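Before we start, here is the structure in question, set down as structure tokens.
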Amino acid sequence: MLRLENVTKKYGKFIAVNNLSLEIEEGEIFGFVGPNGAGKTTTLKMIATLLQPTSGNIFIDNIEVSQNVKKVRGIMGYMPDFFGVYDDLKVSEYLDFYGDVAGLSKEEKLQVIPDLLELVDLKNKKSEYVDSLSRGMKQRLCLARSLIHNPRLLILDEPASGMDPRARVQMKEILKELRRMGKTILISSHILPELSELCTNIGIIERGQIIESGSVDEIMRKVNKTNNIRLTVLDFTEKAMKLLKEEPVVGNVYNDDKSIEFNFEGGDKEIVYLIKKLVNNDVPVLSFKPIESNLEEIFMKVTKGDEE
Amino acid sequence: MINPVLKKELKTRMRTWKTPAILSLYMGLLAGLFLIISYETFFSSTYYSGFRPGALRETYFVLIIFQMILILLIVPATTASSISGERERQTLDLLVGTRLSSFSIIIGKLMASLAQIILFLVVSIPILSILFLFGGFSFGDMILLFVFYIITAFFFGSIGVFISAYFKKTTTTTIISYIITLTLTLGTLIGTIMWRAYYLARIFGVSTSVSQSSRFYPIIMYLNPFSGLSSILENQMGINIFEGLIFRGANTPTLLTFYINSAVSIILSFILLYLASLKINPMKKFGNRNKKSKKIKKS
């Protein structure tokens with residue numbers, strides 16, 4: 001559905017996006033993660049035909065975007081991170097305007113606009129001026145705008161930024177609905193746990209380059225070469241720590257009251273051996289489980305964290 | 001189908017208090033001037049204190065020029081923010097990223113401004129109609145003037161839209177638009193007078209007649225809307241003052257300057273609109289598209 005081939009964007013000597021390649025299949029929800037200034041918005045703008053790459057090619061539905069801009073814009077809907085709205089229009093008029101711009105007939109608009117207002121939960125606001133809407137509502141209205149021509153690909157740049165938790169949950173529900181509708185979505189966000197719940201794949205970008213990409217699980221496996229394990233015991237914490245430190249597959253061991261956390265580089269057999277060893281040495285083991293990294297931890301591990 | 005940008009602009013402009021307020025001010029100024037001029041020309045003669053229908057020409061002349069000045073004041077104000085305003089509101093990306101062509105966006109913006117000018121012209125008809133009651137001017141004369149007003153508004157509107165596309169801030173675009181308007185009206189006139197005075201004094205001596213100077217057509221005056229306007233007015237009144245002084249000497253009045261002025265304005269307008277559409281089109285800037293196309297074909 002979307003393919004980027006060695007895309008580079010330079011502003012003078014500054015390289016915003018550096019030789020970036022990416023492929024997103026139809027129906028996929030791809031999360032684009034990266035620190036501020038990593039090149040996310042620049043990449044999304046190039047896909048949305050709002051910026052021309054310095055070099056490289058972008059294909060949407062196998063059409064090179066600069067070859068048939070009009071057709072590509074019909075396939076894709078774009079929601080920027082910062083955007084304005086026409087405050088002097090009413091909500092339904094706002095969508096009506098973009099319906100006209102997209103070339104929809106009057107009948108099509110009459111059918112599509114109420115459905116979109118329902119989808120983004122703004123049906124009861126249709127006669128109100130855009131000016132009177134909250135930020136979250138404006139974000140949802142902008143999302144509805146990007147859907148007016150029923151695009152197959154959605155490019156969403158930080159769609160939940162600046163929203164309160166309730167509005168964020170609403171936005172997440174809308175995105176889930178869009179996923180059910182079979183849309184291909186490329187979404188950038190800083191709210192990483194939400195991405196991990198929503199996305200089929202993620203790409204981590206830093207300094208204009210994709211440094212990791214794949215499914216959330218794949219990236220976790222790549223990043224977590226060593227597992228962290230939490231052991232809970234009823235008693236004999238010191239003894240348990242001593243026994244663990246004797247094993248070569250165990251790295252750093254930390255004590256937190258009755259809970260012990262340690263780095264572990266072994267497989268399933270070594271885990272069985274460790275548990276057996278503790279039990280045979282009369283350590284009362286309550287639980288023994290790997291600590292799962294979330295997307296935020298992976299992000300922190302993978303990126304260097306310095307903002308450009 | 002009506003241009004979506006034009007449709008939206010008309011809807012939002014007509015909804016605010018500004019349009020009726022400007023419209024009322026416009027009519028008020030025209031009517032006020034009409035009353036003052038009428039009183040001065042009809043009733044304040046030293047020799048005759050009654051109504052003098054012959055003075056209608058003066059009133060007509062002043063009103064038509066005043067209306068042109070008002071148009072030249074309004075058009076830059078309404079077009080200078082057309083694109084820069086979208087940029088400042090952060091709505092430009094949303095608009096240019098749609099299937100609507102950049103040229104349609106530019107034309108829609110300009111047409112919205114022209115529609116406003118047409119509305120101003122329509123509301124001025126009742127005031128001008130009073131002059132028609134006394135005869136001397138035909139409806140055709142007024143139509144010709146209105147056509148020229150619209151051509152002038154189109155030209156100065158195109159300048160406003162062009163400036164608006166190239167500069168980011170509305171304050172800057174408004175100032176530049178007014179500077180250009182002043183340059184093309186007063187500037188070209190002063191420049192022509194100075195150049196002519198200097199050139200003729202140098203070549204022929206200071207006592208040069210108008211007919212001798214007529215061979216030096218000041219091309220920049222074809223950018224000045226008052227050239228075309230004077231051509232129409234003098235043709236209607238059968239006089240040859242401005243036209244004779246600036247362009248063709250003491251010949252019989254013709255509409256030639258009006259035709260040239262209009263043609264220059266229309267051609268330049270389309271060039272400016274095309275350049276403005278290129279400027280706001282993110283995929284056509286600096287000819288990158290063609291270079292890329294060749295590259296892809298090769299691969």
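Every read-out reported here was derived from the displayed coordinates using simple, explicitly stated rules and does not represent laboratory data. No experiment lies behind these values; they were computed from the predicted model shown. Quick reminder, even Gly has a Cβ in these numbers, built from the backbone with ideal geometry, and neighbours come from all protein chains shown.
Just order A:229-239, A:70-80 by mean Cβ neighbour count inside 10 Å, highest at the front, would you? Provide the component values of the computation, followed by the final result.
Values: A:229-239: 15.9, A:70-80: 21.0.
Put in order of decreasing packing, that is A:70-80, A:229-239.
When the expected Rg is taken as 2.2 N^0.38 Å, what fraction or multiple of it is the alpha-carbon Rg of the stretch A:57-149?
Working: Rg = 14.2 Å, N = 93, 2.2 N^0.38 = 12.3 Å.
With N residues counted in the stretch A:57-149, Rg over 2.2 N^0.38 Å equals 1.15.
Would you mind computing the Rg to Rh ratio of the stretch A:108-262 from its alpha-carbon coordinates, Kirkwood style for Rh?
On the way: Rg = 23.2 Å, Rh = 19.4 Å.
My calculation of the ratio gives 1.20.
How far is it, in nm, from the label point at B:Ile175 to the one at B:Leu256 when both lie 7 Å from their Cα along the line to the Cβ?
4.2 nm
Using the Kirkwood radius built from alpha carbon pairs, what does the Stokes-Einstein equation give as D for the stretch A:225-292 at 4 °C and 1.567 mPa s, in µm² per second?
On the way: Rh = 11.7 Å.
For the chosen part, D equals 111 µm²/s.
Quick one: compute the contact order of the stretch A:225-292, relative version, from alpha carbon pairs under 8 angstrom and 6+ residues apart, as a percent. Could the numbers behind the result be given before it?
Numbers: 110 pairs, mean separation 32.8, N = 68.
Computed over the stretch A:225-292, the figure is 48 percent.
Could you calculate the FRET efficiency of A:Ile63 with A:Asp115 from 1/(1 + (r/R0)^6), where r is the beta carbon distance between them and R0 is 30 Å, rounded to 0.05? Don't jump to the answer; show the numbers that get you there.
Details: r = 27 Å, r/R0 = 0.91.
Efficiency computed from Cβ-Cβ geometry: 0.65.
What Kirkwood Rh does the stretch B:76-150 have if only Cα atoms enter the pairwise 1/r average? Answer in Å.
Averaging 1/r across every pair of different Cα atoms and inverting gives 14.9 Å.
How shielded is B:56-69 by partner chains, expressed as the average number of their Cβ atoms within 10 Å of its Cβ atoms? Write out the running numbers ahead of the final one.
Numbers: counts 0, 0, 0, 0, 0, 0, 0, 0, 0, 0, 0, 0, 0, 0.
Counting other chains' Cβ atoms within 10 Å and averaging over B:56-69 gives 0.
Among DSSP bridges having both ends in chain A, what percentage is antiparallel? Round to the nearest 5. Write down the numbers at each step before the final one.
On the way: 37 of 54 bridges.
So the antiparallel bridges amount to about 70 percent of the total.
Oh, and also: Averaged over its residues, how many other protein chain Cβ atoms are within 10 Å of peptide B:88-96's Cβ atoms?
Averaged over the peptide's residues, the number is 5.
Kindly state, to the nearest 0.05, the FRET efficiency for B:Leu25 paired with A:Thr200, given R0 = 41 Å and r defined as their beta-carbon distance.
Values: r = 60 Å, r/R0 = 1.47.
Between B:Leu25 and A:Thr200 the formula returns 0.10.
Turning to a different aspect of this structure: Test of understanding: express the Cα radius of gyration of the stretch A:2-221 as a ratio to 2.2 N^0.38 Å, with N the residue count. Intermediate values should be presented prior to the final figure.
Numbers: Rg = 17.2 Å, N = 220, 2.2 N^0.38 = 17.1 Å.
With N residues counted in the stretch A:2-221, Rg over 2.2 N^0.38 Å equals 1.00.
While we're on this one: Taking each residue in B:7-16, count the Cβ atoms of any other chain within 10 Å of its Cβ, then average. What number comes out? Present the calculation step by step, with values, prior to reporting the outcome.
On the way: counts 4, 10, 0, 0, 7, 6, 1, 0, 2, 1.
Partner-chain Cβ atoms within 10 Å, mean over residues of B:7-16: 3.
Additional query: Can you give the relative contact order of chain A as a percent, counting alpha carbon pairs under 8 Å and 6+ residues apart?
Details: 547 pairs, mean separation 65.6, N = 308.
Relative contact order of chain A: 21 percent.
Does anyone have the angle between helix A:91-101 and the longest principal axis of chain A? Alpha-carbon axes, 0 to 90°, nearest 10?
Roughly 70 degrees, rounded to the nearest 10.
Something else about it: Helix A:135-146 versus the longest principal axis of chain A: what is the Cα-based angle in degrees, 0 to 90, to the nearest 10?
Long axis of A:135-146 versus the principal axis of chain A: about 70 degrees.
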